[in-house]
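Working notes for the structure below.
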Amino acid sequence: MRSFALAVMVGVAFAGCSVDVDSGETRFRCDDDPICPDDFTCVAGECVPDDVDPAIDAAPPAIDAPIAPPPDAPPGEPDAPALPACDDTYGMVPEYLLCEETATTCKFNALTNGGNCLDMCAAYGGTCITAFDNENGVGQECIEVIEETCTVLRTSEICVCTR
């Protein structure tokens, strides 16, 4: 009796189940392996139903079509937010004289008064990349004598900081 009841329950459970696959609207890629399901043909890297004329029935865009990524370029690259000019960021540094501005860095003379470029850059919101001892004569402030680390203590030096 138990076997009969189990057989009836299984029969009832599977009686309502059927699999009906309609791949007519499904899109398949066939770039690398031009094999398509039955009744489909590979046209321009996509499996299309045999009853569709690709010259007449343009396929809708593929679901996996590339989408433009959000801006993620490093600062200074075209899709990144514009960085402030070096003069705007570091213009209030004592004895500030801009030596060079690039897309990502500011190189300038600074009166550090026994301090260093690490602290100078940080005080204005930047990060020190490197530092140079400089010629201290008027008009020679941007002449690099020797490259130093950002932590060397000097009276006057050239700081290279992030924008």
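The values are calculated or read from the model by the stated rules, or taken from the named source; none is laboratory data. Because the structure is a prediction, the values reported are computed rather than measured. Heads up, the Cβs are rebuilt from the backbone with ideal geometry, glycines too, and the neighbour counts pull from every protein chain shown.
Matching residues to (1) in contact (Cβ under 8 Å) with a residue 40 or more places away in the chain; (2) farther than 17 Å from L98 by Cα; (3) in contact with a strand residue (DSSP E or B) (Cβ under 9 Å, 6 or more places away or on another chain):
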| site | (1), (2), (3) |
| --- | --- |
| G114 | yes, yes, yes |
| D119 | no, yes, yes |
| D133 | no, no, yes |
| C150 | no, yes, yes |
| L153 | yes, yes, yes |
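Condition check ((1) at pLDDT below 95; (2) more than 30 Å from the chain's Cα centre (by Cα)) across all residues:
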{"position": "A103", "(1), (2)": "yes, no"}
{"position": "K107", "(1), (2)": "no, no"}
{"position": "N113", "(1), (2)": "yes, yes"}
{"position": "A122", "(1), (2)": "no, no"}
{"position": "G126", "(1), (2)": "no, no"}
{"position": "A131", "(1), (2)": "no, no"}
{"position": "I143", "(1), (2)": "yes, yes"}
